[in-house]
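**Student:** Below is the structure I would like to discuss, written out as structure tokens.
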Amino acid sequence: MSEVRIPEEIEAVATTAVNAAFTVHRALGPGLLESAYSECLAIELVHSGLRIQREVALPLTYRGQTISNAYRLDLVINDQLLIELKTVEAIQPVHRVQLTTYLRLMRLPLGLLINFNVPLIKDGINRVLNLDFRNVASAEAFAPSRLRA
């Protein structure tokens, strides 16, 4: 299996998102609802100059029929990075599988799984790679038109 290479532009977006998560967690600490962290993280990301989409519906086709709200993506940043938020005791394998599925469907190389319910946010941030993604020369190879809020 070949290596997944994340374009520099997406790495820069991911770095900004991680810094925003640190800022939010430093201000709020653990113990709130996911929706509170989502709102605050969205504010930080926009303040950092990023374009975000929240609660993006991703359809699923089953037996020829489209289920329009089959999946709900927490945050999509600049049409390049997917962030799945949690406020759980511990990240479980199913959470990684969930994000991996979203990444495959979106054809994105990288997602962040962020659990705000931790004493140190660095312990709650997980990078998840789409192992089906292979060396795309530029971020323009992604098809942002697949997103419809």
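**Student:** Cβ-Cβ under 8 Å, sequence separation 6+ or interchain: first residue in the stretch 62-89 and over 26 Å from residue 117 (Cα atoms), partner part of a loop (DSSP other than H, G, I, E, B). Which pairs?
**Tutor:** Matching pairs, first to second residue: 79/51; 79/142; 79/147.
**Student:** Could I ask something else about it? Within the stretch 18-56, how many residues are surrounded by 15 or more Cβ atoms within 10 Å (Cβ to Cβ), of a type outside the set (Ser, Thr, Tyr) and within 20 Å of residue 71 (Cα to Cα)?
**Tutor:** Within the stretch 18-56, residues that are surrounded by 15 or more Cβ atoms within 10 Å (Cβ to Cβ), of a type outside the set (Ser, Thr, Tyr) and within 20 Å of residue 71 (Cα to Cα) number 6.
**Student:** Follow-up question, since we're still on this one. Quick test for you: out of 60, 41, 103, 75, pick the one residue that is of a type outside the set (Lys, Arg), within 20 Å of residue 23 (Cβ to Cβ) and touching a strand residue (DSSP E or B) at 6+ places or on another chain (Cβ under 6 Å).
**Tutor:** The conditions single out 75.
**Student:** Then there is this: Working carefully through the options 10, 91, 114, find the one that is in contact with an Asp or Glu (Cβ under 8 Å, 6 or more places away or on another chain) and closer than 14 Å to residue 127 by Cβ.
**Tutor:** Just a single option satisfies the conditions, and that option is 114.
**Student:** Condition (residue is assigned to a strand (DSSP E or B), buried (at least 20 other Cβ atoms within 10 Å of the Cβ) and modelled with pLDDT of 95 or more) applied to the stretch 90-103: is it met by at least one residue?
**Tutor:** Looking through the stretch 90-103, none of the residues is assigned to a strand (DSSP E or B), buried (at least 20 other Cβ atoms within 10 Å of the Cβ) and modelled with pLDDT of 95 or more.
**Student:** Collect the residues in the stretch 77-132 that are among the aromatic types (Phe, Trp, Tyr) and touching a helix residue (DSSP H, G or I) at 6+ places or on another chain (Cβ under 6 Å), keeping them in residue-number order.
**Tutor:** Listed by number, the list holds a single entry, 116.
**Student:** OK, next. Does residue 21 qualify as being closer than 17 Å to residue 86 by Cβ and in a helix (DSSP H, G or I)?
**Tutor:** Yes; evaluated as a whole, the condition is true for this residue.
**Student:** Please verify whether the stretch 133-145 includes one or more residues that are closer than 30 Å to residue 27 by Cα and either assigned to a helix (DSSP H, G or I) or at pLDDT below 95 (or both).
**Tutor:** No, the stretch 133-145 has no match at all.
**Student:** Hey, another quick one. So for the stretch 115-124 (the condition being assigned to a loop (DSSP other than H, G, I, E, B), surrounded by 16 or more Cβ atoms within 10 Å (Cβ to Cβ) and at pLDDT below 95), does at least one residue qualify?
**Tutor:** So far as the stretch 115-124 goes, no, none of its residues is assigned to a loop (DSSP other than H, G, I, E, B), surrounded by 16 or more Cβ atoms within 10 Å (Cβ to Cβ) and at pLDDT below 95.
**Student:** Restricting to the stretch 59-83, count the residues that are part of a strand (DSSP E or B) and either modelled with pLDDT under 90 or surrounded by fewer than 19 Cβ atoms within 10 Å (Cβ to Cβ) (or both).
**Tutor:** Residues in the stretch 59-83 being part of a strand (DSSP E or B) and either modelled with pLDDT under 90 or surrounded by fewer than 19 Cβ atoms within 10 Å (Cβ to Cβ) (or both): 12 in total.
The values are calculated or read from the model by the stated rules, or taken from the named source; none is laboratory data. It should be emphasised that the depicted structure is a prediction, and the values quoted were computed from it without experimental measurement. Cβ coordinates were reconstructed from backbone atoms using ideal geometry, including for glycine residues, and neighbour counts include every protein chain displayed.
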